[in-house]
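The values are calculated or read from the model by the stated rules, or taken from the named source; none is laboratory data. On a predicted model such as this, the values are computed, not experimentally measured, just so you know. No Cβ is skipped: glycine too gets one built from the backbone with ideal geometry, and neighbour counts run over all protein chains shown. Just the protein is used for accessible areas: all its heavy atoms, side chains included, with ligands, DNA and RNA removed. Shrake-Rupley method; radii C 1.70, N 1.55, O 1.52, S 1.80 Å.
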2 protein chains.
Amino acid sequence: MNKPAPHQSGCCTPLGASRLSAEAAQALGADLGLLGHPIRLQILDLLAQHTDQVCVCDLEAALPVKQPTVSHHLRLLREAGLIDCERKGLWAYYFIRREAVAALRARLLAQLDTLV
Amino acid sequence: MNKPAPHQSGCCTPLGASRLSAEAAQALGADLGLLGHPIRLQILDLLAQHTDQVCVCDLEAALPVKQPTVSHHLRLLREAGLIDCERKGLWAYYFIRREAVAALRARLLAQLDTLV
DNA sequence: TTAGTATATTGACAACCTTCGATTTACTTG
DNA sequence: CAAGTAAATCGAAGGTTGTCAATATACTAA
């Protein structure tokens, strides 16, 4: 991305680079973007309040979207490592990976702290 | 959204409702979605590391997008109350509203804690 | 008043995301 | 084996979001 010529008049002193690199902002944005969807938040919440595994059919029943959509969001959360599943015959049982959620929480918190 | 008939076979015990209501999930998702963009994160970071106000032209110089795009993201952040600005003649000086960021941080933290 | 400048807004376009019907896959059971 | 079922995947439609050129706005200064 080529920057335009700076202003000629002295409105201000030029800033240094952001502490947050473009790559770091991209990564943090991806984390936040993953969490930033109501269905995914509800899935995480449902899984978080059950110590045992939860069958997909129960998630479908608790959520206001159809089966392929639930499956899609489960995939995104699984690919991000926040949840995992175990297949037992026909059924799939999902569970939250609390250590991954805790790590994500810690990362977000660390970044948010620098903004306050 | 009409739910399909539940399975006939006993794969599991039906879940109760999520602790996170659909509305709460929507609101939390909006908060996260606002933060979940690299340019907005960089803007917040740039403003956060300066105690004084920052001229728009400096933000433009520090970001890899063009002027209207910067203006667009500044508007979203301002409408969310996370930043504000003061116009001085031709120039606009933006600043972070640390108490609003802190409130957002607290809200996110409270919700994330229930997931761990 | 005229020319010039910084920022905001508009409008159009592209990229991305979400959703769901249809289908496939993988399994169980008769 | 064939029939049936749960979940994943595919593919298309619709919606939202991000981007920028062009323009408008609001101000300064000659």
Problem - Selected residue (only one of B:29, B:33 is at pLDDT 95 or above and either of a type in the set (A, V, I, L, M, F, W, C) or open to solvent by less than 10 Å² (accessible area, probe 1.4 Å) (or both)) - result: B:29
Exercise for the section: Taking only the stretch A:72-115 into account, find how many residues are acidic (Asp, Glu) and modelled with pLDDT under 95. Expected result: 1
Problem - Evaluation of residue A:115 against (1) assigned to a helix (DSSP H, G or I); (2) among the hydrophobic types (A, V, I, L, M, F, W, C); (3) surrounded by 17 or more Cβ atoms within 10 Å (Cβ to Cβ) (one fails), failing number - result: (1)
Exercise for the section: State whether one or more residues within the stretch B:70-79 are farther than 17 Å from residue B:46 by Cα and free of Cβ contacts under 8 Å to residues at least 24 places away in the same chain. Expected result: yes
Problem - Filter result for residue B:101 (facing chain A (nearest Cβ under 8 Å), touching a residue at least 12 places away in the same chain (Cβ under 8 Å) and within 15 Å of DNA strand C (Cβ to nearest atom)) - result: no
Problem - Residues within the stretch A:64-90 that are within 14 Å of the chain's Cα centre (by Cα) and part of a loop (DSSP other than H, G, I, E, B), tallied - result: 3
Fill in the blank from the handout: Restricted to the stretch A:14-49 and to residues being more than 7 Å from chain B (Cβ to nearest Cβ) and within 15 Å of DNA strand D (Cβ to nearest atom), the residue farthest from the chain's Cα centre (by Cα) is A:23
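Every residue, every condition in (1) within 13 Å of chain A (Cβ to nearest Cβ); (2) within 12 Å of DNA strand C (Cβ to nearest atom); (3) surrounded by 13 or more Cβ atoms within 10 Å (Cβ to Cβ); (4) aromatic (Phe, Trp, Tyr), yes or no:
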| residue | (1), (2), (3), (4) |
| --- | --- |
| B:52 | yes, no, no, no |
| B:56 | yes, yes, yes, no |
| B:61 | yes, yes, yes, no |
| B:68 | yes, yes, no, no |
| B:74 | no, yes, yes, no |
| B:84 | no, yes, yes, no |
